[in-house]
Amino acid sequence: MAFGWIDEQAELRRRAGLVRILRPRAAGTPLLDLASNDYLGLARHPEVTEGAARAARTWGGGATGSRLVTGTTELHTELERELAGFCGFEAALVFSSGYAANLAAVTALAPHGSLIVSDAGNHASLIDGCRLARGTTQVVAHSDPDAVRQALVGHDGPAVAVSDTVFSVDGDAAPLTGLAEACREHGAGLVLDDAHGLGVLGDGGRGAPHAAGVAGAEDVVVTVTLSKSLGSQGGAVLGPARVIEHLVNAARTFIFDTGLAPAAAGAALAALRLLRREPARAARAGAVARELYDRLTAAGLEAVPPDAAVVSVRAPSPEQAVRWAADCRAAGLSVGCFRPPSVPDGISRLRLTARTDLSGAEIERAVRVIGETRP
Ligand SMILES: Cc1ncc(COP(=O)(O)O)c(C=O)c1O
């Protein structure tokens, strides 16, 4: 039977407790949200939703074509200019998602004969970029500049190292200055995914590369998503103008994809301007994460010290992680649940995200529910 193998896979997934389900979210949910990536609480901010609505009224419901045909509006160009300026880069290019931005950066910067050195904890979109690229990938130990150095020694030809700045599962930060030094010693480029750094780390949320002093360097390229701190949708690549021009000509997820919807561009631009005006939002997200961590560990739970706004809590097994998240939900708390195959190390966790707009009482309630429902 066609697709018969799907049923076998479904049965294996069921037995391993790894079935994923979709849970439609109601507009006015009473759940306390520690699962979304809306770190700065901007997704529903009136200025952001009005930015989306105004852009849709002005430019339409969709971009109407790929960026190289009709899909580049003046709004896209404005967003690119302001995003690059804010994060400290010469130029930026906006994509329909952070996923597409990562595929673009890795594939376009790793031609045939090149070496890609990829951190073992990288996000799936960077991993998929490595899989699609013409170059050869070498996966190296997590957050280890010496491992990157070792991989680059003796390679003849173009090379690039790729890493998340803040790892999405455990929320730990990569050693950016060490990575930049290792790459520079060997004339390699560095591609950093700042999906979880933008809006949270660096001066006023300018991101982890800005904080580490590597933003704007001629050998550093950064990808971001507009869907987390900026409360919108879409992604971008930031870097030297010559790299951005190369992407316009060579990145298939740019060339063969409809441009970002105007509403998403308008929302992201409004959020960026709001963050510029209210820079304290960035530091507050980090402070909430640390408070969550302190209270969780004081309650005897095993958590990873957060470097940004993600707090990871260890669960004993995939099944128990799923049940734990479901029990939290039943008690009014929405948390993320990460388990294999989303986590290559096989460790299951609850994943909590800090939000600027969480009150002290909400943090206390969240920790109480997590403690009371622990397996
Ligand atoms: C580290 C990281 N990179 C890239 C992405 C993809 O971004 P987007 O959701 O905008 O496609 C995500 C999450 O979604 C992420 O966590």
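Odds and ends about this structure:
- Applying 1/(1 + (r/R0)^6) with R0 = 25 Å to the Cβ-Cβ distance of residue 327 and residue 294 gives a FRET efficiency near 0.65.
- Rounded to the nearest 20 debye, the dipole size of the chain about its Cα centre is 1060 debye, using +1 on the Cβ of Lys and Arg and -1 on the Cβ of Asp and Glu.
- Selection from 40, 235, 251, by position along the positive dipole direction of the chain (Cβ): 40
- Length gained on full extension, residue 9 to residue 359: 121.7 nm, using 0.36 nm per residue less the C-alpha separation.
- In the chain, Cα pairs under 8 Å separated by at least six residues give a relative contact order of 23 percent.
- Neighbour-count order for 324, 5, fewest beta carbons within 10 angstrom listed first: 5, 324
- Under a Gaussian network description of the chain, with springs only between Cα atoms under 10 Å, the residue in 15, 323, 273 that fluctuates furthest is 15.
- With Rh defined as the Kirkwood radius, the inverse of the mean 1/r over Cα pairs, the Rg/Rh of the chain is 0.97.
- Segment residue 16-residue 319, extension gain: residue separation times 0.36 nm, minus the distance between their alpha carbons: 108.3 nm
- DSSP beta bridge pairing in the chain, given as percent antiparallel to the nearest 5: 50 percent
- Per-residue Cβ neighbour counts within 10 Å put 74, 362 in the sequence 74, 362, beginning with the fewest.
- Efficiency of FRET from Cβ geometry, residue 53 and residue 31, R₀ 30 Å, rounded to 0.05: 0.70
- As a proxy for reagent exposure, ranking 272, 230, 12 by other Cβ atoms within 10 Å from fewest up yields 12, 272, 230.
- Amide H partners (placed H, <5 Å) of residue 235, local residues excluded: 95, 96, 97, 98, 226
- For the range 151-284, the share of DSSP beta bridges that are antiparallel, to the nearest 5, is 35%.
Each reported figure results from applying straightforward, stated rules to the coordinates on display, with no laboratory input. Since the model is a prediction, treat every value here as computed from it, not as a measurement. Note that each Cβ is placed from the backbone with ideal geometry, even for glycine, and that neighbours are counted across all protein chains shown.
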